[in-house]
Amino acid sequence: MTLPLYYDAMNEKGLCIAGLNFAGYADYKKYDADKVNITPFELIPWLLGQFSSVREVKKNIQKLNLVNINFSEQLPLSPLHWLVADKQESIVIESVKEGLKIYDNPVGVLTNNPNFDYQLFNLNNYRALSNSTPQNSFSEKVDLDSYSRGMGGLGLPGDLSSMSRFVRAAFTKLNSLPMQTESGSVSQFFHILGSVEQQKGLCEVTDGKYEYGRL
């Protein structure tokens, strides 16, 4: 029997799931007879096979136990957390040492480490960002010029860390305007992803090997 392995997928009801790397934080558990035990590599088909909305997932997922069973000797479990979304809302699922955590996700994006609640709290540090030209609040004694468009985004992190990419993706998504056509919306979607692209050569993992791609 062939068992497909999913990192992201969508069912016919429009429920979408993506698994993202969560190394050093993901913690899978021992079998628990009082819960529904599935392995992390079964999570995506398990959810998409029986639920049609985030609301349904939230109602049923607390009984879940993600069991520490490898797919095979050659394929150990990947340390992941998951973004689950429909057209109305999204959540984040994390299995950590403290247990299974379910977070409402008001920004609708997810990157990697650290825990989602910390990523969300970190957005407080960027509350002064704006899509508009800022007023001079430096000092009324100094006449400062708005010499360029886009200065409301000064302070938006541009590095490649997962926390910075989370901030950048959230700011871009939440301020992007909807397009009026399907092709325009698809194009806009890829522009949002492009805001957090990692070009090959910018983030070295080991000698001569690089992390690159989106999110």
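Of everything in segment 195-210, what is exposed (fewer than 13 other Cβ atoms within 10 Å of the Cβ), in contact with a strand residue (DSSP E or B) (Cβ under 8 Å, 6 or more places away or on another chain) and of a type outside the set (Gly, Ala, Ser)? Give them in sequence order.
Answer for segment 195-210, where residues must be exposed (fewer than 13 other Cβ atoms within 10 Å of the Cβ), in contact with a strand residue (DSSP E or B) (Cβ under 8 Å, 6 or more places away or on another chain) and of a type outside the set (Gly, Ala, Ser): Lys200, Leu202, Glu204.
Could you please find all residues in segment 103-121 being within 16 Å of Ile61 (Cα to Cα) and surrounded by fewer than 16 Cβ atoms within 10 Å (Cβ to Cβ)?
Correct list: Asp104 only.
Conditions: (1) open to solvent by 80 Å² or more (accessible area, probe 1.4 Å); (2) at pLDDT 95 or above; (3) aromatic (Phe, Trp, Tyr). Trp82 meets all but one. Number of the miss?
So the condition that Trp82 fails would be (1).
Could you please tell me which pairs satisfy a Cβ distance under 7 Å, a separation of 6+ or placement on different chains, a first residue in segment 194-215 that is under 17 Å from Leu110 (Cα atoms) and among the basic types (Lys, Arg), and a second residue that is open to solvent by 40 Å² or more (accessible area, probe 1.4 Å) and at pLDDT 80 or above?
If the second residue must be open to solvent by 40 Å² or more (accessible area, probe 1.4 Å) and at pLDDT 80 or above, the pairs left are Arg214/Glu197.
Search segment 55-97 for residues being part of a loop (DSSP other than H, G, I, E, B) and acidic (Asp, Glu), and hand back the single one that is farthest from Thr111 (Cα to Cα).
Of segment 55-97, the ones part of a loop (DSSP other than H, G, I, E, B) are 68-79, 86-89, 97.
This time we only want the ones that are acidic (Asp, Glu), so: 73, 86, 89.
On the way: Glu73: 28, Asp86: 18, Glu89: 17 Å.
Out of the qualifying residues, it is Glu73.
Look at Asn11 and say whether it is of a type outside the set (Asp, Glu) and either within 17 Å of Asp104 (Cα to Cα) or touching a residue at least 40 places away in the same chain (Cβ under 8 Å) (or both).
When the stated conditions are applied, Asn11 passes them.
Looking only at segment 14-39, how many residues end up being under 10 Å from Leu80 (Cα atoms) and either free of Cβ contacts under 8 Å to residues at least 12 places away in the same chain or hydrophobic (A, V, I, L, M, F, W, C) (or both)?
5
In segment 17-36, which residue that is open to solvent by less than 40 Å² (accessible area, probe 1.4 Å) and under 14 Å from Leu64 (Cβ atoms) is farthest from the chain's Cα centre (by Cα)?
Selected residue: Tyr28.
Specify the residue that is nearest to Gly213 (Cα to Cα); the eligible residues are those in segment 128-175 that are of a type in the set (Ser, Thr, Tyr) and either open to solvent by 60 Å² or more (accessible area, probe 1.4 Å) or in contact (Cβ under 8 Å) with a residue 12 or more places away in the chain (or both).
Looking at the filtered set, the residue picked out is Ser162.
The values are calculated or read from the model by the stated rules, or taken from the named source; none is laboratory data. From a predicted model like this one, the values you see are computed outputs, not experimental measurements. Here the Cβ is made from the backbone with ideal geometry for all residues, glycine too, and neighbour counts use every protein chain on show. Note: areas computed on protein heavy atoms with side chains; ligands, DNA, RNA excluded. Shrake-Rupley method; radii C 1.70, N 1.55, O 1.52, S 1.80 Å.
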